[in-house]
1. Please find, within segment 299-313, the residue that is farthest from Trp55 (Cα to Cα) out of those that are open to solvent by less than 40 Å² (accessible area, probe 1.4 Å) and modelled with pLDDT under 80.
2. In this structure, is Asp369 more than 18 Å from Cys78 (Cα to Cα) and at pLDDT below 95?
3. Residue by residue through segment 175-192, note down the ones that are outside any helix (DSSP H, G or I), in contact with an Asp or Glu (Cβ under 7 Å, 6 or more places away or on another chain) and of a type outside the set (Ser, Thr, Tyr).
4. Select from segment 416-430 the residues that are small (Gly, Ala, Ser) and surrounded by 15 or more Cβ atoms within 10 Å (Cβ to Cβ) and list them in ascending order.
5. Go through (1) assigned to a strand (DSSP E or B); (2) open to solvent by 30 Å² or more (accessible area, probe 1.4 Å) and name the single condition Pro22 misses.
6. Is there any pair linking a residue in segment 446-469 that is loosely packed, with under 15 Cβ neighbours inside 10 Å to one that is among the β-branched types (Val, Ile, Thr) and at pLDDT 95 or above, with Cβ under 6 Å and at least six apart or on different chains, and which?
7. How many of the residues making up segment 430-450 are more than 27 Å from the chain's Cα centre (by Cα) and closer than 16 Å to Arg467 by Cα?
8. Name the single residue, out of those in segment 282-298 being charged (D, E, K, R) and surrounded by fewer than 24 Cβ atoms within 10 Å (Cβ to Cβ), that is nearest to the chain's Cα centre (by Cα).
Amino acid sequence: MVSGNEAFIRCLGEAVGTERVPVVLAALNEAPSVSVRRNPFKDKASFPGSRPVPWSEYGLMLSDRPAFTLDPLFHAGCYYVQDSSSMFIGSVLRRILGGLPDGTASGSCLRVLDLCAAPGGKTTDAAASLRQALGDGFLLVANEVIRSRASVLASNAALWGDPNVVVTSSDPSGFAALPGFFDIVLADVPCSGEGMFRKDETAVRQWSEDNVALCSARQKRILADVWPALADGGILIYSTCTFNRYENDCNAAWAAENLGAEILGDEIPGAGSVPENVIRTEHGYSLLPGFVEGEGQYCSVLRKQGNAGGREPLDRPVRYGSVRRDSRNAAGKDRGSGILCAGDYFAIPVRTEVKNGMVKAVPESIAEDVGMLERTLKVISSGCAVGMLKGRDMVPDADLALNIMLERDAFPRAEADLETALKFLHRDSFALPDAVKGYVLLCYRDVPIGFVKNLGNRCNNLHPAGRRIRMDVGIPR
């Protein structure tokens with residue numbers, strides 16, 4: 001039990017004050033919270049009785065945990081199940097974006113790195129915030145060094161459906177090959193996991209002062225490794241899901257002393273008032289169970305000082321926005337012509353390429369950057385998979401159905417009821433007798449969930465086997 005771990009209690013008191021310790025300990029004995037964050041570009045989900053997350057416009061606190069697996073909108077990327085405390089990082093990013101000055105500089109693109117991104121909560125939050133603020137004028141690199149976790153990250157990014165997200169699987173040291181490349185870095189580093197205590201008993205058993213020291217040292221290495229990739233004047237948002245000062249404030253102070261970082265407090269560009277019950281620490285912010293409904297989070301905001309090379313400082317006068325649609329590379333409306341009109345599926349200009357028969361589309365606004373990344377890092381996914389060429393035909397890819405930039409009239413659509421949608425997601429057989437024959441975009445509540453090839457008396461289900469629902473899909477009453 002946490003309440004009997006004197007070392008943990010001492011570390012907690014050192015970090016946030018002994019007067020707060022009883023409140024946190026009592027909260028750690030309660031059930032974990034449940035929260036979701038809606039996708040503003042697919043916002044069809046509703047959760048009756050939910051309450052707003054104070055620092056997230058699209059975050060909702062739920063009174064209990066529904067069967068997310070049996071909700072087609074979950075599989076369509078309409079929302080992401082994320083701890084409300086970790087949504088605070090997204091609010092900090094939005095304040096920084098809100099502080100960017102307006103100006104004019106054609107062709108500019110804000111480059112953001114989510115360094116330790118799996119399973120994808122902060123990545124999807126950042127993608128939505130960047131698109132709302134900057135249109136197509138951003139590149140978001142989501143990285144996870146462990147390949148199995150990177151695959152999960154790529155899948156979640158595909159469900160969310162933003163084509164400006166690139167998923168990589170590189171060690172943080174690999175980003176040193178891109179000096180000054182990123183304007184903003186999110187570093188939610190591996191930690192001792194005190195914010196997981198209510199969800200994972202293993203985290204409680206594994207906690208020790210030695211493990212805290214080990215995590216602190218690893219976090220310093222990660223910061224040092226990625227620091228060269230941050231542009232002069234760029235912002236690094238450092239965060240953990242733990243409470244002790246050794247992994248939090250002490251590491252922010254270490255970065256200031258050893259890396260030349262400037263710690264930003266109330267000077268965060270665009271910063272407003274800190275939400276109630278978020279605790280201001282010496283160098284950052286701490287969210288603690290008992291004071292907030294979530295599981296806990298820490299973050300500190302650092303600025304890279306100097307202008308010794310690389311990209312211009314983050315406060316350069318730039319206006320970001322969408323590339324003009326009349327520069328699209330689409331060649332006609334005949335969708336039977338495969339790759340020649342693949343770009344016409346999208347509401348933004350894209351570049352298309354074919355590799356081993358797979359057609360991929362990358363937004364024009366980031367195409368050059370993506371090429372550089374693919375030559376430098378281990379890229380798992382980029383842009384959007386359009387489909388597989390088979391002769392003169394192109395079998396549409398599942399990711400295309402989920403992409404937020406898919407033109408509404410790109411494919412014939414068929415509306416599915418809950419039973420049919422769950423059959424599709426379970427990869428069961430079903431028919432669409434009233435739909436046109438050929439490739440059809442199957443929708444649930446007007447939200448695309450995937451493709452089928454309608455043969456009239458039955459459908460070929462194109463839902464990926466790796467994403468199928470494996471549990472019983474009996475229709476809930």
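The values are calculated or read from the model by the stated rules, or taken from the named source; none is laboratory data. Computed from a prediction, not measured in an experiment: that's the story for all the values here. Note that each Cβ is placed from the backbone with ideal geometry, even for glycine, and that neighbours are counted across all protein chains shown. Remember, those area values only see protein heavy atoms, side chains included, never the ligands or the DNA or RNA. Shrake-Rupley method; radii C 1.70, N 1.55, O 1.52, S 1.80 Å.
1. Taking segment 299-313 and keeping what is open to solvent by less than 40 Å² (accessible area, probe 1.4 Å), we get 299-302, 304, 309, 313.
Those left that are additionally modelled with pLDDT under 80: 309, 313.
On the way: Gly309: 35, Pro313: 27 Å.
If we take residues in segment 299-313 being open to solvent by less than 40 Å² (accessible area, probe 1.4 Å) and modelled with pLDDT under 80, then Gly309 is farthest from Trp55 (Cα to Cα).
2. Working: more than 18 Å from Cys78 (Cα to Cα): yes; at pLDDT below 95: no.
So Asp369 does not fit the description; no.
3. At the first step, the residues of segment 175-192 found to be outside any helix (DSSP H, G or I) are 178-192.
The next check asks that each one be in contact with an Asp or Glu (Cβ under 7 Å, 6 or more places away or on another chain); those that pass are 180, 186, 191-192.
If the condition is that a residue be outside any helix (DSSP H, G or I), in contact with an Asp or Glu (Cβ under 7 Å, 6 or more places away or on another chain) and of a type outside the set (Ser, Thr, Tyr), then Gly180, Leu186, Cys191 are the ones that fit.
4. We begin by selecting, within segment 416-430, every residue small (Gly, Ala, Ser); these are 416, 421, 429.
Of everything in segment 416-430, those that are small (Gly, Ala, Ser) and surrounded by 15 or more Cβ atoms within 10 Å (Cβ to Cβ) turn out to be Ala416, Ala421.
5. (1)
6. If the second residue must be among the β-branched types (Val, Ile, Thr) and at pLDDT 95 or above, no pairs are left.
7. Going residue by residue through segment 430-450, those that are more than 27 Å from the chain's Cα centre (by Cα) are 430-440.
When the remaining residues are screened for being closer than 16 Å to Arg467 by Cα, the result is none.
So the count comes out to 0.
8. Just the residues of segment 282-298 that are charged (D, E, K, R), to begin with: 282, 293, 295.
When the remaining residues are screened for being surrounded by fewer than 24 Cβ atoms within 10 Å (Cβ to Cβ), the result is 282, 293.
Working: Glu282: 28, Glu293: 21 Å.
Step by step, filter segment 282-298, then rank; the result is Glu293.
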